[in-house]
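Report on the following structure.
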Amino acid sequence: MKDKINRLERLGFTNYESKVFLTLYQGYRMSAADIAKDSKIPRTSVYDILKTFARKGICNEIETPTKLVYEIIDTNVLEDKIQIDIESEYKNKVRLLRDCFRDIKPLFKSKKPKEYVSDVELIKGFNRHREQKFLDLVKNSKSAILLMNRLKGNVSSELDEESKKFFKRGGVFKSIYESNSNFRIKINNKWENVTREGLIKLCETFIKQGEQIKLLDKVPQIMAVFDDSTVYFSLYDENIPIEETSDVIIKNKKFAAFITGLFTSYWDSADTIETLKQQLYNK
């Protein structure tokens, strides 16, 4: 019985509530005095718990000619009810969490001394927030994004939605993708190999959304420039495990202008989708 009480406590019941619950669960139309005697807890505590249980719909309070008796509801209905209550409480806490952090995020390190302010952020090793960092950069961009991507790319519904919002803001999105046969993308949290034909179809989808795309057999670096002011590098190496690689975010307009110039030189020499189609289908 102690194990069952512990299980109920893990669901959120107090020790006394767990004991009253089990007494009701095993019994049938019991009085408060009977429940107190069976569960071995003070009658005053039992009264309070029974009122709470009745209010929450865990048990029914039945008035007889001589006394009030209590009966727990059907076990299947009870299980579903508790599950719904737990899920509802969880969703409410998640909503409160998001509302809270939306309000307090502007305060994050707002009192950080100026001597510690850096325009370079290093994200080293495995970090589950890596993709979120990139998504935040897209989300905060207003006018222009330049992207150079090789071997791996991330295509998530959330990123796709942020890209659409970026285009609605009037932003310009230029991308250079690697066109070799080893191209891989992450669609809805699952990595998939993509053939050149598949890459063309994928790029055509992006183009319809507003993205400008060109292709190179090999791109030298995975990187992006946001609003001519922030540069993102993913220091990818096939010989290094992903958990040992690093990403770098540099917030510096002069450096961003320099990288934009490099991007433009590659852009000018890159192939269009139509060129790749001709190469592929005229073999």
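Quick notes
- Of the residues making up the range 6-15, those that are crowded, with 16+ Cβ neighbours inside 10 Å and either assigned to a helix (DSSP H, G or I) or touching a residue at least 24 places away in the same chain (Cβ under 8 Å) (or both) number 1.
- Out of K105, K19, sole residue that is free of Cβ contacts under 8 Å to residues at least 24 places away in the same chain, surrounded by 11 or more Cβ atoms within 10 Å (Cβ to Cβ) and assigned to a helix (DSSP H, G or I): K19
- Flag if K93 is in a helix (DSSP H, G or I) and either among the aliphatic types (A, V, I, L, M) or without any contact (Cβ under 8 Å) to a residue 60 or more places away in the chain (or both): yes
- From the list V219, V231, the one residue that fits, being under 25 Å from the mean Cα position of the chain (by Cα) and aliphatic (A, V, I, L, M), is V231.
- Flag if K40 is farther than 20 Å from L11 by Cβ, touching a residue at least 12 places away in the same chain (Cβ under 8 Å), in the same structural domain as F13 (by TED's automatic domain parsing) and surrounded by fewer than 10 Cβ atoms within 10 Å (Cβ to Cβ): yes
- Filter result for F258 (closer than 26 Å to D227 by Cα and out of contact with any Leu (no Cβ under 7 Å at 6 or more places or on another chain)): yes
The values are calculated or read from the model by the stated rules, or taken from the named source; none is laboratory data. Here the structure is a predicted model, which means the values were calculated and not measured. Heads up, the Cβs are rebuilt from the backbone with ideal geometry, glycines too, and the neighbour counts pull from every protein chain shown.
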